[in-house]
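Structure, as structure tokens:
The values are calculated or read from the model by the stated rules, or taken from the named source; none is laboratory data. Since we're looking at a predicted model, the values are computed, not measured. Neighbour counts are summed over all protein chains in view; Cβ atoms, including those assigned to glycine, are modelled from backbone coordinates with ideal geometry.
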Amino acid sequence: MRSILLLIFLLLASPFASSEHFEWGAGLLSLYGHHYRGSDQTKSWFFPTPYFTYTSQRIEAEPSFIRGIFVHNDFFSFKLSLMLGLNVESKENIARSGMPSLDYTVEAGPMLLFYVWRSEKKELAVNFEIPVRQSFATNLRYIKPVGLFTIPYVNIIHSPPPSRWSWKSEFSIGPMFADQGFHQYFYGVDQEFIREGRPYYRARGGYSGFQTALIIHKRVGNLAIIPFARWDYLRSAVFEDSPLVKVSNYMIGGLGLFWLFH
């Protein structure tokens, strides 16, 4: 919770500078994928949502993340990041039937970014990024800590000039790790929720699977087109034997369409 409050303070206190860049708009975000990592059921989500990007010497912000920048040079950056996660209604999921629903999650924590390589014209870059975030669950009436999550990953960034198709893209790949509390929230089964085919299960911390993600960004006039996809492979994850894990492959993808006013 302190991380979230600190990041909000940074946003409010960040001075406007000549190097800042700000865009805003509104549109529709659609997603389709599994209910949660390990679920064999899928769902579609549709959100009318605002769109914004803001970049300055101290803040980076997009709809999918907010980062406060503490240290930045040509070799590495130290940031504070904030991300959001979707909810799952247990009444819609067979494996979790009768169990508490999974609330929306807010993840906040420090992030260390190393600039590994950049092309001469800066059209292609390779970074190594290490976020460590505390996860909180909320239904907008309360907020409670869940556990720690980290994914050290390699991020390949392609930023072609406008003279080409200008499809900017980011591809990331890396292993995931989380503590016992994080895994217990998603995969644990307490005594009161035991039923046939769903025995008691106490999760433990450790390896949480392997993730790849691709996000593409295209501007056509005032229209921003943002398709994205993510695939997680859960084989050998420490919670793989949970009765709530039905499949080893988790996929989610979607499309954002936003009209920019500035």
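Tabulated results
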| item | result |
| --- | --- |
| Flag if Val154 is over 16 Å from the mean Cα position of the chain (by Cα), closer than 21 Å to Phe76 by Cβ and at pLDDT 95 or above | no |
| Pick from the stretch 129-151, criterion hydroxyl-bearing (Ser, Thr, Tyr) and modelled with pLDDT of 95 or more, ranking: surrounded by the most Cβ atoms within 10 Å (Cβ to Cβ) | Ser135 |
| Identity of the residue in the stretch 232-255, touching a strand residue (DSSP E or B) at 6+ places or on another chain (Cβ under 6 Å) and among the β-branched types (Val, Ile, Thr), that ends up surrounded by the most Cβ atoms within 10 Å (Cβ to Cβ) | Ile252 |
| Residues that are surrounded by fewer than 17 Cβ atoms within 10 Å (Cβ to Cβ), in a strand (DSSP E or B) and in contact with a Phe, Trp or Tyr (Cβ under 9 Å, 6 or more places away or on another chain), drawn from the stretch 158-193 | His158, Ile173, Pro175 |
| Filtered residues of the stretch 194-231 (kept if in contact (Cβ under 8 Å) with a residue 40 or more places away in the chain, surrounded by 17 or more Cβ atoms within 10 Å (Cβ to Cβ) and of a type in the set (A, V, I, L, M, F, W, C)) | Ala213, Ile215, Ala224 |
| Residue check for Val88: crowded, with 16+ Cβ neighbours inside 10 Å, touching a helix residue (DSSP H, G or I) at 6+ places or on another chain (Cβ under 8 Å) and either in contact (Cβ under 8 Å) with a residue 24 or more places away in the chain or not β-branched (Val, Ile, Thr) (or both) | no |
